[in-house]
Amino acid sequence: MTTRAISFSGFAEADAILSQLPMLLRGKVLDKSIKSALNRITAASAAKAPREGSSVGGIRYTPRRGERASRRRLAQSIGSVVRKYGGGEVIVGVGGPVKKHVGGHAHLVEFGFHHTTGGTFASSGGRKRYAQQTVRFDRVTTNRRTNWRRVRERNAARTGTGKRGSFIPPRPYVETAFNEHRDSVQAEIIAALRTFAMNAAKGGS
């Protein structure tokens, strides 16, 4: 899935505050403030994600059926996670659609895409692409509810033979939400660091 990294800037004050705190305290306050910032951005991203029933590029919306009907909608799939590396010295926050819920189509909505007919392109982003075909539908019963799961296999005859069609314009929701909240979230993180440092200096928690 295509991803795009977006960074904050102008954190000179934050760096100055963190340099005065022990490493253990730095990790504690950064972890909390980054999670709070991500929660705000992911909520805004979900609110801006295209909703079921909308159309784009003149393509009429087709209701989901079978296995596809049980998948989460794009707006329901957006989450966030905070990871620590180097013993906690590096803290990274990642937010956006969760791939296991939306497969590989979330970036197509965010960045736009070309319709392809007759197979796949010979190459895409340096990766080998394989065309697939549906071979059967399996009936799956869970909690007394029956769904149909599509089973697909590679179709070598269509791999690399696709033709590029019309371009479907992007409908950015993650980047738009980030840009709209960038300044307020950055101010929130700095304010949290400042408050934490003041409490630590007074002997608080």
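The values are calculated or read from the model by the stated rules, or taken from the named source; none is laboratory data. Just so it is clear, the structure is predicted and the values come from calculations on it, not from any experiment. A quick note on method: Cβ atoms are made from the backbone with ideal geometry, for glycine too, and the neighbour counts reach across all protein chains shown.
Candidates are the residues of region 133-162 that are in a strand (DSSP E or B) and hydrophobic (A, V, I, L, M, F, W, C); the one that is farthest from residue 71 (Cα to Cα) is 135.
Each row is one residue, and each column tells you yes or no for (1) touching a Ser or Thr at 6+ places or on another chain (Cβ under 6 Å); (2) surrounded by 16 or more Cβ atoms within 10 Å (Cβ to Cβ); (3) among the small types (Gly, Ala, Ser); (4) modelled with pLDDT of 80 or more.
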{"position": "36", "(1), (2), (3), (4)": "no, no, yes, yes"}
{"position": "39", "(1), (2), (3), (4)": "no, no, no, yes"}
{"position": "42", "(1), (2), (3), (4)": "yes, yes, no, yes"}
{"position": "53", "(1), (2), (3), (4)": "no, no, yes, no"}
{"position": "63", "(1), (2), (3), (4)": "no, no, no, no"}
{"position": "68", "(1), (2), (3), (4)": "no, no, no, no"}
{"position": "74", "(1), (2), (3), (4)": "no, yes, no, yes"}
{"position": "78", "(1), (2), (3), (4)": "yes, yes, no, yes"}
{"position": "81", "(1), (2), (3), (4)": "no, no, no, yes"}
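List every residue pair whose Cβ atoms sit under 6 Å apart, with the two residues 6 or more apart in sequence or on different chains, where the first one lies in region 132-143 and is within 16 Å of residue 159 (Cβ to Cβ) and in the same structural domain as residue 159 (by TED's automatic domain parsing) and the second, anywhere, is of a type in the set (Gly, Ala, Ser) and surrounded by 10 or more Cβ atoms within 10 Å (Cβ to Cβ). Nothing qualifies. The listed residues are 188, 180, and the only one of them that is in contact (Cβ under 8 Å) with a residue 24 or more places away in the chain, under 18 Å from residue 30 (Cβ atoms) and not hydrophobic (A, V, I, L, M, F, W, C) turns out to be 188.
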